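The structure appears right after this line, and notes come after that.
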Amino acid sequence: MNPSMKLLLLLIIALEISFTTIVSLNVALIILALIYLLGHRTRLRTLGWFLLIPLLPAIGLWSTQYINGSGDKTLMAWVLFTRIYAFVFTGATFTLTTDVLQLTDSLEQNWHLPAKFAYGVLAAYNLVPRIQHEVQVIRAAGLMRGQVLSFWSPQLYFKAILVSINWSQNFARAMRSHGFVEDAPRTHYRQIPLTKLDWTIVISGVLLLQVGAFVIPWR
């Protein structure tokens with residue numbers, strides 16, 4: 001499926017379940033997301049982490065609504081509990097099955113995102129491992145001078161920001177040296193097509209969501 005269309009569908013789903021109070025709809029979305037992830041051979045350990053990590057905030061929301069809420073406390077408590085997991089697992093269907101490079105190409109080609117912004121986001125994503133390595137280098141250099149730069153130390157992040165600014169300038173020079181001109185017509189080596197099937201999947205998904213939200217009499 002086209003990555004940008006998948007993102008659009010998931011944004012619509014997230015927006016709609018934010019305003020619905022249907023526990024069964026949230027559970028159905030969680031089950032469908034699990035089936036989708038298992039179909040893409042997602043490791044059971046990864047799915048286990050997705051079940052475990054949101055458990056604490058989910059319990060916190062459930063207990064807060066159940067103790068201090070108004071109206072139907074039990075219903076709203078379970079709505080909030082299941083909504084968190086619906087967000088987590090529907091989001092996982094995107095983050096675990098979508099290539100970032102294909103996503104940026106799709107946003108640029110299909111949704112006309114400015115090329116400068118698309119390549120900037122892609123560059124920032126690819127620089128994450130180097131930033132992590134640079135933070136380790138900065139902390140090691142600080143230890144050699146007798147300075148302990150902890151995780152919350154402002155000096156650590158200030159120095160990392162300075163390094164990132166230098167990298168951004170080098171990246172801009174590299175783009176210009178390779179002939180990049182903003183707003184100029186461009187051809188693409190990697191073509192990301194937007195097909196009728198993609199539109200069919202998105203429209204069908206939205207219609208099924210409306211059926212689940214307004215037609216099926218579940219709670």
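The values are calculated or read from the model by the stated rules, or taken from the named source; none is laboratory data. These figures come from a predicted structure and were not determined experimentally. Ideal geometry is used to build each Cβ from the backbone, glycine not excepted, and the neighbour counts take in all protein chains shown. Protein only, heavy atoms only, side chains kept; ligands, DNA and RNA dropped before computing areas. Shrake-Rupley method; radii C 1.70, N 1.55, O 1.52, S 1.80 Å.
Only residues that are open to solvent by less than 30 Å² (accessible area, probe 1.4 Å) and farther than 18 Å from Arg186 by Cα were counted across the stretch 95-126, and they come to 2. Scoring Thr90 on the criteria (1) over 16 Å from the mean Cα position of the chain (by Cα); (2) closer than 22 Å to Leu25 by Cα leaves a single failure, condition (1). For the stretch 127-161, filtered to residues that are farther than 26 Å from Ala172 by Cβ and among the basic types (Lys, Arg), the residue that is most open to solvent (accessible area, probe 1.4 Å) is Arg145.
Going through (1) out of contact with any Ser or Thr (no Cβ under 8 Å at 6 or more places or on another chain); (2) among the small types (Gly, Ala, Ser); (3) more than 30 Å from Val23 (Cα to Cα) one by one, Ala118 falls short only on (1).
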